[in-house]
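The next block holds one structure in the form of structure tokens; read it before the comments.
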Amino acid sequence: MTADDGFLGHLEQHLGEIRHIASGHYDLVEFHQPDPGISTVITNGLRFQSLTATRPQELVCSLWEGQRDIARYFVDSMAGVLLKQGRGLEYGAVVVNDRPVLEGTEMHGVLAHPSPYFGSDFDLFLDASGDPVVQIITLMPVTAPEAALVEAEDADELFERFWAKRPNLLDVTRPSAV
């Protein structure tokens, strides 16, 4: 797999036009969808790092346009943690702090999950042969009670709560669904 393997094209197909790219050990690529005003930040190059995982991974977070710096923070922070630990994330994993990650919010961490926004064909990038070569892990900000529910039950139980209460999952200032 190379840096020009079609991955950015896959992202543009689902996320729209690239707005900004910041480079480092991996790129942080920002996308914007004007309707309904969603900003998405994804790593590009994490898949080339030495991480133990089922398959190479990239991390993504989508939030309201006014919260794109927060999406960038979640993606960059988690990528740094993964690089330090040397292992990737699995769907259903919760990374949680004992206090809110962001002042003025109830968000204590993130849930690693398939994208609830961009369709199931977004979560895997396929090579020319149709084989999955990159797994895209969506980081969903969660509150402490939501993280505890996932740890005690599973992510499906949390999504049942989301379905029942209909919180705005793109807004880090939302109240807990639990």
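Would any residue of segment 112-137 have its amide N under 20 Å from a label point 7 Å out along Cα→Cβ of ASP35? List them or say none.
117-119
Rounded to the nearest 5, what is the percent of antiparallel bridges among the DSSP beta bridges in the chain? Before the final figure, lay out the partial values.
Working: 28 of 33 bridges.
Close to 85 percent.
Gap in Å between the Cα centre of segment 71-150 and the Cα centre of segment 1-63?
For segment 1-63 versus segment 71-150, the Cα centre distance is 13 Å.
Mind pulling the angle between the C-alpha long axis of helix 155-165 and the longest principal axis of the chain? Nearest 10 degrees, somewhere in 0 to 90.
60 degrees
Do the sum for the chain: with -39,500 (n - 2.57) for every DSSP H run of n ≥ 4, divided by all residues, what is the mean residue ellipticity at 222 nm, to the nearest 500 deg cm²/dmol? If you can, show how the numbers build up before the last one.
Working: 4 runs with 47 residues, N = 178.
After summing the helix terms and dividing by residue count, I get -8000 deg cm²/dmol.
Order the following by accessible area, largest value first: TYR26, TYR73. Probe radius 1.4 Å; ligands, DNA and RNA are ignored.
TYR73, TYR26
Go ahead and set up a Gaussian network model of the chain, Cα springs under 10 Å, then flag whichever of GLU157, GLU90, GLU103 fluctuates most.
GLU103
Students sometimes get this wrong: rank LEU169, LEU46 by accessible area, probe 1.4 Å, all chains present, largest first.
Heavy-atom accessible area, descending, gives LEU169, LEU46.
The values are calculated or read from the model by the stated rules, or taken from the named source; none is laboratory data. Not measured: the values here are computed from a predicted model. Methodologically, a virtual Cβ is constructed for each residue, glycine included, from the backbone with ideal geometry; neighbour enumeration extends over all protein chains shown. What goes into the accessible areas is simple: the full protein's heavy atoms, side chains included, and nothing from ligands, DNA or RNA. Shrake-Rupley method; radii C 1.70, N 1.55, O 1.52, S 1.80 Å.
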